[in-house]
Amino acid sequence: EHQLLALADLTIVTSDYLVNFAQQAGAKQVSLIRNAAQFEHFYQAARQPQARASEAISNASAKPIIGYYGAIADWFDPALIEAVSKRFPQAQIVLIGDDTAGVAKKLSHCSNVRFLGEKPYAELPSWLAQFDVCLIPFKVNELTLATNPVKAYEYLSAGKPVVSIDLPEMAQFGACVYTAQTADQFADQVALALAETDNPRQAQEHFERRL
């Protein structure tokens, strides 16, 4: 990596953390280009919020639905999901993605947490449409400190409330994303995100701001 950075005429990175890393490693020139999303694809979840509900979540009558999709790997923090599960026992917590870290086993005592496995990219908007709140439940470590999460852009393309652990790259989204530093705070922020639905005018304002 360091050899490649020294040889390259231009190094493109996706986060401020990686700007510092590349510069310290001797990169000649560094350009920061953050991630993005295929807006029209994920905006489908906003245009047709109830589309294919029966296919998306079989027990759709249980509300609210708090969801995540993406890799469930070593950087995924089950303690955050457990805190949300305990705080909102009436909710469905839906996790979509390949579980390579044994998180399902760690959360087997949480009866309202459902693991649905991987789903095709083309189908993600129909699942996203059913989420009342979207999660970015990551651990804070060197990997995630360097990460600019693509799913934040995808969630926001649907105008959905997003709750994330407080990573440096979340700062750019300002009030469009709820952030927390501990598991208890994470559950608190989910409560605030869910409260948006109690005020239709406020919910519409938040929706438009995210888009």
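The values are calculated or read from the model by the stated rules, or taken from the named source; none is laboratory data. Note that the structure is predicted; figures quoted are calculated from it, not measured. Here the Cβ positions follow ideal geometry from the backbone for every residue, glycine too, while neighbour counts run over all protein chains shown. Surface accessibility is based on the protein's heavy atoms, side chains included, excluding ligands, DNA and RNA. Shrake-Rupley method; radii C 1.70, N 1.55, O 1.52, S 1.80 Å.
Legend: distances between Cα atoms for Lys63/Lys86; Lys86/Lys119; Lys119/Lys151; Lys86/Lys106; pairs beyond 18 Å are Lys86/Lys119. Per-residue Karplus couplings for the stretch 108-114, computed as 6.51 cos²θ - 1.76 cosθ + 1.60 with θ equal to phi - 60°, are listed in order as 4, 7, 9, 5, 9, 9, 10 Hz, Gly and Pro entered as x. Among 177-190, 11-24, sorting by the average number of other beta carbon atoms lying within 10 angstrom of each residue, highest first, gives 177-190, 11-24.
Note that the stretch 116-185 carries a Kirkwood radius of 12.9 Å, evaluated over its alpha carbons pair by pair. Under 5 Å from the amide H of Val162 lie the amide H atoms of Cys134, Tyr178, each residue being 5 or more positions distant or on a separate chain, with H modelled from the backbone and absent for Pro and chain starts. Each Lys or Arg adds one and each Asp or Glu subtracts one; over the other residues with Cβ under 10 Å from the Cβ of Ile93, this totals 0.
In loop segments of the stretch 112-177 as defined by DSSP, the GluC sites (Glu not before Pro) with at most 14 further C-beta atoms inside 10 Å of their C-beta are Glu118. Of the beta bridges in the chain, as assigned by DSSP with both residues counted there, near 5 percent are antiparallel.
Using the alpha carbons alone, the radius of gyration of the chain stands to its Kirkwood radius in an Rg to Rh ratio of 1.00.
Shown are Phe173, Phe76, whose ranking by accessible area with a 1.4 Å probe and every protein chain present, most to least, is Phe173, Phe76. The distance linking the stretch 1-51 with the stretch 139-211 is 20 Å (Cα centroid to Cα centroid, whole angstrom). Using a/c under 1.5 as the rounded threshold, could you call the stretch 170-211 rounded, prolate or oblate? The axes a ≥ b ≥ c are square roots of the C-alpha gyration tensor eigenvalues, and prolate needs a/b larger than b/c, oblate otherwise. Here the stretch 170-211 falls in the oblate category.
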